[in-house]
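Some notes on the structure that comes next.
The values are calculated or read from the model by the stated rules, or taken from the named source; none is laboratory data. A quick note: this is a predicted structure, and the numbers were derived from the prediction, not measured. In this analysis, Cβ positions are derived from the backbone assuming ideal geometry, glycine residues included, and neighbour counts consider all displayed protein chains.
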Amino acid sequence: MTYVALLRAINLAGRAAVAMSDLRDLFTALGFSGVRTLLQSGNVVFRGSARPIATVERTLEAETVKRLGVQTDFFVRNAAEWQRLVEHNPFRKEALSDPGRLLAVVLKRAPAQRDIDALQAVIKGREIVRAGDKHAYIVYPDGVGRSRLTSALIEQKLGTRGTGRNWNTVLKLAALVSAE
């Protein structure tokens, strides 16, 4: 089984520093194979036996604290789930015209529709949110850096933790998954 793992908030402004070589070594030590990382923001594609995603996430979170001294959330999806995330993108035009301003936010659990509506209601700018199963898609027409739609606000309104990747990264991970 091929998986994608995303780490939340590592290597940001010197906080929660994790070398990708150390991350690959950790996954290998835990018995995973074909471990590859993408960029420095904590994106890992790996193979392992089929097991519940929540179990994989908990194991990775605990072992990252124990072996690397970093506490972070892991968001794991199998290859089929990652492919569905790509296929169900409701913002096809933005994905082609400005993929750096389209984010996929991978969540710990699926938000309720009322929570998605509550998030959309507090947006003060031109951002647009659509949610899927355990993910959301957000268009930031004026850029993420200028937006008041922060990860803290997203998590507060959706009632779950998440981590975002721009569409370019989402597609690069999809290519790595399909190469397996």
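Annotations for the structure displayed:
- Only one of the listed residues (Gly34, Gly42) is within 15 Å of Leu176 (Cβ to Cβ) and over 17 Å from the mean Cα position of the chain (by Cα). That residue is Gly34.
To keep it simple, each residue is scored yes or no on (1) more than 18 Å from Lys172 (Cβ to Cβ); (2) surrounded by fewer than 13 Cβ atoms within 10 Å (Cβ to Cβ); (3) of a type in the set (Ser, Thr, Tyr); (4) at pLDDT 95 or above.
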{"residue": "Thr2", "(1), (2), (3), (4)": "no, no, yes, yes"}
{"residue": "Asn11", "(1), (2), (3), (4)": "no, no, no, no"}
{"residue": "Leu23", "(1), (2), (3), (4)": "no, no, no, no"}
{"residue": "Gly31", "(1), (2), (3), (4)": "yes, yes, no, yes"}
{"residue": "Val35", "(1), (2), (3), (4)": "no, no, no, yes"}
{"residue": "Val44", "(1), (2), (3), (4)": "no, no, no, yes"}
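- Every condition in (1) farther than 22 Å from Ser41 by Cα; (2) free of Cβ contacts under 8 Å to residues at least 40 places away in the same chain; (3) in a helix (DSSP H, G or I) is met by Ile116 except one, and the failing one is (2).
- Checklist (1) surrounded by 14 or more Cβ atoms within 10 Å (Cβ to Cβ); (2) in contact (Cβ under 8 Å) with a residue 24 or more places away in the chain applied to Val122, failing item: (1)
- Looking across Ser178, Ser151, Ser147, one residue alone is buried (at least 17 other Cβ atoms within 10 Å of the Cβ) and of a type in the set (S, T, N, Q). It is Ser147.
- From the options Arg148, Arg161, Arg130, residue that is touching a Pro at 6+ places or on another chain (Cβ under 6 Å) and assigned by TED's automatic domain parsing to the domain that holds Phe91: Arg130
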